[in-house]
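The values are calculated or read from the model by the stated rules, or taken from the named source; none is laboratory data. Everything quoted here is computed from the prediction, not taken from an experiment. A quick note on method: Cβ atoms are made from the backbone with ideal geometry, for glycine too, and the neighbour counts reach across all protein chains shown.
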Amino acid sequence: MAVQAIVWGENVHDRENELVRSIYPDGMHGCIAEALNESPDISATTATLEQDEHGLPADRLARTDVLLWWGHKAHGDVDDGIVERVVERVWEGMGLLVLHSGHFSKVFKRLMGSSCALTWREAGERERLWAINPAHPIAAGVGPYFELEQSEMYGEPFGVPEPLETVFVSWYEGGEVFRSGLTFQRGGGRIFYFSPGHEVYPVYHDATVRTILRNAVMWAAKPGIRWENVADAPNRPVGEALEPLEEKGPRLHEDGEAGYR
Ligand code: ZN
C-alpha cells in the first residue's frame, strides 16, 4: 500500500495574493501534492486551515504516514488542540515535513522547543543548495548541488536544536549560508525541515525540489509502525516488578496512581 501523505496548506496567500495565485492556481498544497503523487509509492491528499478541524480530524491523522506543513501568515490561527494532536501523532511515529516559513509554525516550535528564528531577505536572489550528506536517502538523485534562480534568503543563525543529520546547506547570492535541509527525531516520528518554498517564486515547480519532497516523504514514513499510548506514564507497582522486589524506602504515591502532569 502506498504511503499516505497529507499536504497541509495555510491557503491564505494562495487565495488573497494575485501573484501567488498565478504561480499556484491549485494552491501551493495542490502543487506539492501533485509532485508527491508523481510517485506510485505515495498517495497524497491536501488539508487547509479554513476546513473543519483544519482538515486534520483525529481519524484522518491516525491513517496518515507523513504530514507536510506549509504555513506563514496565519500561524496564530492554528488551534492549539490541533497542534497537540499533530505533535502526539509525530511522537507515535507519523513523519513530518516542515516547509519554508513553517519554521515558525506552532507545530514545529513545539516539537523543537526552541525559538526557530532565522535571518531573512526577499530579493529574488539565487540560492545554491549543497547536498553535504550525498548518501542520505533524501538527497538521492540530487547530485552535489542544485540552484534555485530566485529564492528568499533564510540565513543563520537558525534557532533549532542540533539536528540528527544535516542533509543540505545553502549559499545565497548575498553571501549568507543556511542549514536548509535538517532531520530530527521526536518520539517515534521522523521530521525533515526543508527551507526553500517562498510563495512568490515558483519553487515547488522545480524538478529537484519535487524529487527531494518525494524522497523525504519516503524517508519519514513508517507505515504500520506505531508507538502505542505514547503519552501514557503508567505506575508500575512493586508487586508487578519482573523480579522479586522488596520495598525498601518511603514513598509518595499509592500503587497504580496517575502521576502529576
Ligand atoms: Zn517566504
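Odds and ends about this structure:
- Every condition in (1) in a loop (DSSP other than H, G, I, E, B); (2) of a type outside the set (D, E, K, R); (3) touching a residue at least 24 places away in the same chain (Cβ under 8 Å) holds for residue 245 except the one numbered (3).
- Scanning segment 52-82 for residues that are of a type in the set (A, V, I, L, M) and under 20 Å from residue 194 (Cβ atoms) returns 66, 67, 68, 78.
- Enumerated helices (runs of 4 or more DSSP H) restricted to segment 24-142, each holding at least 1 residues that are more than 26 Å from residue 228 (Cα to Cα) and more than 16 Å from the ligand (Cβ to nearest atom): 27-37
- Search result, residues across segment 182-208 that are in contact with a Lys or Arg (Cβ under 9 Å, 6 or more places away or on another chain) and either basic (Lys, Arg) or assigned to a helix (DSSP H, G or I) (or both): 190, 204
- Residue in segment 215-223 that is outside any helix (DSSP H, G or I) and modelled with pLDDT under 95 present: yes
- Filtered by the rule that a residue be closer than 13 Å to residue 111 by Cβ, without any contact (Cβ under 8 Å) to a residue 60 or more places away in the chain and either buried (at least 21 other Cβ atoms within 10 Å of the Cβ) or within 14 Å of the ligand (Cβ to nearest atom) (or both), segment 161-206 gives a lone residue, 182.
- Residue 56 meets the conditions (1) without any contact (Cβ under 8 Å) to a residue 24 or more places away in the chain; (2) surrounded by 14 or more Cβ atoms within 10 Å (Cβ to Cβ) in every case but one. The failed one is (1).
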